[in-house]
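S.K.: Attaching a single structure in structure tokens format; questions to follow.
Derivation of every value follows stated rules applied to the coordinates shown; laboratory data play no part. Worth saying up front: this structure is predicted, and the values here are computed from it rather than measured. Positions of Cβ are generated from backbone atoms using ideal geometry, with glycine treated the same way; all protein chains shown enter the neighbour counts.
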Ligand code: LER
Ligand code: MN
């Protein structure tokens with residue numbers, strides 16, 4: 001069964017970006033539960049930012065699951081990536097993500113590697129950078145598997161990474177490097193920019209999809225842009241996708257209305 005989730009950014013020093021709820025754990029969990037979401041996806045400063053027992057209590061109280069945890073704070077706050085030219089920075093990136101994997105795994109939730117993948121730098125070599133990424137994903141994928149969760153790797157649009165931008169190239173990379181512990185994130189916003197045909201890509205590479213980010217063509221909540229969602233939902237159902245469709249969208253026009261629009265769109269496409 002495809003499940004709904006909504007994102008919550010708990011980093012006080014951030015105030016902009018594609019997250020629906022912001023800063024307040026208690027209030028956001030209550031709103032998510034009241035609207036009928038199945039889970040929440042968290043964006044925190046680190047894997048030790050939240051007390052896990054406290055979070056478990058709060059989730060249980062509201063009947064919510066932890067859908068996934070983002071690792072982007074490693075890049076945004078500390079400038080870490082898995083493909084940095086400096087081995088010390090790569091090591092710190094690995095440690096940061098490993099800690100996040102351990103945290104999420106306590107809840108059965110996978111960690112997502114999006115911006116932490118980095119880029120091939122103008123001075124860098126493409127194949128060498130791919131090798132660094134493969135090495136990082138291999139080690140972290142094994143760590144995730146030892147904790148009983150997959151690791152999620154996210155192809156991003158070309159303005160955010162020059163590594164892998166499509167499900168096809170991401171899937172080929174996983175296969176070539178034997179990264180069987182790693183699943184792909186199908187972010188509908190990135191896909192709208194990069195894929196020739198979203199539903200065809202989902203059908204073709206669906207075996208690798210482990211998480212979905214639910215946003216319209218303009219990163220607003222689904223329904224506020226021009227993505228044709230019906231065939232995408234059909235494709236996800238057809239491949240037997242059974243993970244989360246998680247709203248990583250701008251809090252437009254405000255967090256509450258964005259959450260309401262998201263759950264309305266989720267029900268329209270996945271509970272009809
Ligand atoms: C992360 O999930 C993502 O989609 C990126 O665009 C954020 O930088
Ligand atoms: Mn995303």
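S.K.: Suppose the chain between residue 26 and residue 162 were pulled fully straight at 0.36 nm per residue; how much longer would it get relative to their current alpha carbon spacing? List each step's numbers first, then the result.
M.R.: On the way: separation 136, 0.36 × 136 = 48.96 nm, distance 3.77 nm.
So the chain would gain 45.2 nm between residue 26 and residue 162.
S.K.: For the pair residue 46 and residue 271, how long in nm is the line joining their label points, each one 7 Å along Cα→Cβ?
M.R.: That separation, rounded to one decimal, is 3.9 nm.
S.K.: Applying a 10 Å radius around every beta-carbon, put 214-224, 262-272 in order of their mean neighbour count, most first.
M.R.: Details: 214-224: 21.9, 262-272: 17.6.
Listed from highest to lowest mean packing, they are 214-224, 262-272.
S.K.: Let me ask another. Which whole-number percent gives the relative contact order of the chain, counting Cα pairs below 8 Å spaced six or more residues apart?
M.R.: Worked out over the chain, it gives 20 percent.
S.K.: Starting from one equal scatterer on each C-alpha and no solvent at all, send me the Debye-based log10 I(q)/I(0) for the stretch 3-270 at q = 0.07, 0.11 Å⁻¹, two decimals.
M.R.: Once normalised to I(0) and log-transformed, intensities are -0.22, -0.55.
S.K.: Sort out for me the Cα centre separation of the stretch 43-106 from the stretch 111-163, rounded to whole Å.
M.R.: 15
S.K.: In nanometres, what is the gap between the two model label sites at residue 146 and residue 13, each 7 Å from Cα along Cα-to-Cβ?
M.R.: Roughly 3.0 nm, to one decimal.
S.K.: I've got another one for you. Could I have the simple spin-label model distance between residue 78 and residue 119, label points 7 Å from Cα toward Cβ, reported in nm to one decimal?
M.R.: Placing both labels 7 Å beyond Cα along the Cβ direction yields 2.2 nm.
S.K.: Further, regarding this structure: First measure r as the distance between the Cβ atoms of residue 34 and residue 127, then evaluate 1/(1 + (r/R0)^6) with R0 = 35 Å and state the FRET efficiency to the nearest 0.05.
M.R.: So, using R0 = 35 Å, E works out to roughly 0.10.
S.K.: Okay, moving on. In the chain, what % of DSSP beta bridges are antiparallel (nearest 5)? Don't skip to the answer; put the middle values down first.
M.R.: Details: 0 of 30 bridges.
Taking every DSSP beta bridge with both residues in the chain, the antiparallel ones total about 0 percent.
S.K.: Go ahead and run the numbers for FRET between residue 218 and residue 242, Cβ-Cβ distance against an R0 of 25 Å, rounding to 0.05.
M.R.: Details: r = 28 Å, r/R0 = 1.12.
With a Förster radius of 25 Å, E is 0.35.
S.K.: Next up: With a Förster radius of 22 Å, plug the Cβ-Cβ distance of residue 85 and residue 175 into 1/(1 + (r/R0)^6) and report the FRET value to the nearest 0.05.
M.R.: On the way: r = 27 Å, r/R0 = 1.21.
Computed FRET efficiency for residue 85 and residue 175 comes out at 0.25.
S.K.: How big is the equivalent ellipsoid of the stretch 1-82 along its three axes, where each semi-axis is √(5λ) from the Cα gyration tensor, reported in whole Å from largest to smallest? List each step's numbers first, then the result.
M.R.: Working: eigenvalues 96, 35, 30 Å².
Output for the stretch 1-82: semi-axes of 22, 13, 12 Å.
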